[in-house]
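Trainee: Mind looking over this structure? Questions follow.
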Amino acid sequence: MNMVLLASSINFALKSIDEQEAILRQFQAFLNTIDFSLQFYIQSRRLDIQPYLDTLATRESKQDNDLMRIQLREYMQFVKTFTTEVDVMSKSFFIVIPYTPVTASIQSNLGSFKELLGGQKNVYFDDKNFAEHKLQLQQRASLVEQGLSAVGVRTILLQNEELVELYYHIFNPGETGNTAPGSK
């Protein structure tokens, strides 16, 4: 059971030194408040410029002013040349919030001792406790949203359709101009 948030970005390099330090302190405070694991995932996709060029071409054909038409044509050529020489990428930032229930009681058998040493415990989600687990996961997501909001990062909880698209792009990196994580 996981929740995935889409996060906005902030241009850290354009911030003043004081703003950068404040962001770092706030992010550190956020990380210190959570008591569960998070995964930050960055997805890079090659940006398709062709729809933009098509829009410019239609505007060029409708342009009455010859000088504007020439400037528009030169601009389109510049964009084509630039995008063939440089990979223009679109970056998306995701936060994955996995859910593993916290065990409150420590039993005095070997199984509990194994868990304390890092052994995995099988977790079953039955109808009885599913609602409770879902509520705890929603609370974790809310905590993450609040913490990142204090840093200036906006988040949106992905719904089924967005999750399907995300997973499709993760498992089919060669299609639709998507690049695999960590590759260029």
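Trainee: Taking a ≥ b ≥ c as the square roots of the eigenvalues of the Cα gyration tensor of the stretch 48-87, is the shape rounded (a/c under 1.5), prolate (a/b larger than b/c) or oblate?
Mentor: Oblate.
Trainee: Identify all aspartates and glutamates with a Cα-Cα distance to K62 below 20 Å; exclude those on the same chain that are fewer than 8 residues away in sequence.
Mentor: Of all the aspartates and glutamates, those that pass the test against K62 - Cα under 20 Å, at least 8 places apart if same chain - are D54, E74.
Trainee: Order these peptides, 148-157, 27-36, by their mean beta-carbon neighbour count within 10 angstrom, highest first.
Mentor: Averaged packing, sorted descending, gives the order 148-157, 27-36.
Trainee: Would you order L143, L14 from fewest to most other beta-carbon atoms within 10 Å of each residue's own beta-carbon?
Mentor: Least to most surrounded, the residues fall as L14, L143.
Trainee: Give me the net charge of I10's neighbourhood, meaning all other residues with Cβ under 13 Å from the Cβ of I10; Lys, Arg count +1, Asp, Glu -1.
Mentor: Once positives and negatives cancel, what remains is +2.
Taken together, the values in this text are just the output of simple stated rules run on the coordinates, not laboratory data. What you see is a predicted model, and the numbers here were worked out from it, not measured in a lab. Note that each Cβ is placed from the backbone with ideal geometry, even for glycine, and that neighbours are counted across all protein chains shown.
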